[in-house]
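Data first, discussion second: the structure below is written as structure tokens.
Quick note: the coordinates plus some simple rules give every number you see, no bench work behind them. Since this is a predicted model, take the numbers as computed values, not measurements. Cβ sites come from the backbone with ideal geometry, for glycine too, and all protein chains shown count toward neighbours.
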């Protein structure tokens, strides 16, 4: 499959959704059938991205935690596929707030170890209940 996104290029939410589907409300973007189509991470909530995703709680019926598990399961079932990953950097005042494409990534491990979680909770205001470790699969 030819990649439609170029590494280092920026895209709007509308362009990402038009190409991949999913909803704009979640950072683990998915479509019906528990299929994760993209990771769209804010740099201030995920400062170690693209190699770590800090999973919080929330959403209707813990949608955040459930969609993170769908991603783990999907990567285990299809390890060579990877998921498109975008990061929104902190925009300068009046600057554009677009998503920079970093390539396709897969989950290679995760932890719910309290010691590891405590270390990252000091860096993020929102709760963190799980850390996903990622590696790049392709552009």
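Here are some notes:
- Gained length - residue 125 relative to residue 14, 0.36 nm times residue gap less alpha-carbon distance: 37.2 nm
- Top of 107, 17, 28 by mean-square fluctuation, Gaussian network on the chain, Cα under 10 Å: 17
- The structure-derived value of mean projected area of the Cα convex hull in nm² appears in the list [x] 12.2; [y] 12.9; [z] 8.6 under the label [z].
- Per residue of the chain, the DSSP helices (runs of n ≥ 4 H) give a summed -39500 (n - 2.57) that works out to -6500 deg cm²/dmol at 222 nm.
- Peptide ranges 75-82, 48-55 listed from the most packed, as the mean C-beta count within 10 angstrom indicates: 48-55, 75-82
- Fluctuation leader among 103, 56, 33 - the chain, Gaussian network, Cα springs under 10 angstrom: 33
- Cα→Cβ-extended label distance, 7 Å offset, between residue 136 and residue 108, nm: 1.2 nm
- With the simple model of a label 7 Å out from the Cα in the direction of the Cβ, residue 63 to residue 23 spans 0.2 nm.
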